[in-house]
Amino acid sequence: SLGGGVMASNLTVDSISKGATTLNTDEIVDTNSNQICKAWVNFNGNGTVAIRDSYNVSSITDNGQGDFTVSYTNNMANASYSVTGTSGHAETGHQTDSYCGFSTRYGGISTSSVRFRTVRWRFAVQEFLDPYSVCLVVFGD
């Protein structure tokens, strides 16, 4: 711009290429949208906690039996986001008659992390257990 004014421009293209990869412009996602996943993780919650794969997750804290905190690399804009998860295989031998649930703790959702419990239901017994498989996804601002 000249003279301190603001110059606005529009760029219209049908595709963008980087090396051998080409994207059509309708495939490009606005990462600031609250309609896309802002963080996700797949981790082993049994024994030594280990992240298998993730996006925007810096660490997992094992707070005790079936009690975990997932910390984000980049904080959420507020604590009003949506988080959901699933867990499974809480027993040795990966028995198929054992079901695990996922529940956020009261006050456990903050801009920098989410704390949650994994619960095993088997027959009439419910207990907090460390499952072999824990998956979590986060949507919001």
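Here are some conditions: (1) in a loop (DSSP other than H, G, I, E, B); (2) at pLDDT below 80; (3) farther than 30 Å from Leu11 by Cα; (4) open to solvent by 50 Å² or more (accessible area, probe 1.4 Å). Asn34 meets all but one. Which one does it not meet? Looking at each condition in turn, Asn34 falls short on (3).
If we keep just the residues of the range 85-138 that are buried (at least 16 other Cβ atoms within 10 Å of the Cβ) and among the aromatic types (Phe, Trp, Tyr), which is modelled with the highest pLDDT? Ranking the qualifying residues of the range 85-138, first place goes to Phe116. Looking at Asp53, Asp62, just one residue is acidic (Asp, Glu), in contact (Cβ under 8 Å) with a residue 24 or more places away in the chain and in a strand (DSSP E or B), and that residue is Asp62.
The values are calculated or read from the model by the stated rules, or taken from the named source; none is laboratory data. Not measured: the values here are computed from a predicted model. Reconstructed Cβ throughout: ideal geometry from the backbone, glycine too, with neighbour counts over all protein chains shown. When the accessible area is computed, the model is the full protein with side chains, heavy atoms only, and any ligands, DNA or RNA have been set aside. Shrake-Rupley method; radii C 1.70, N 1.55, O 1.52, S 1.80 Å.
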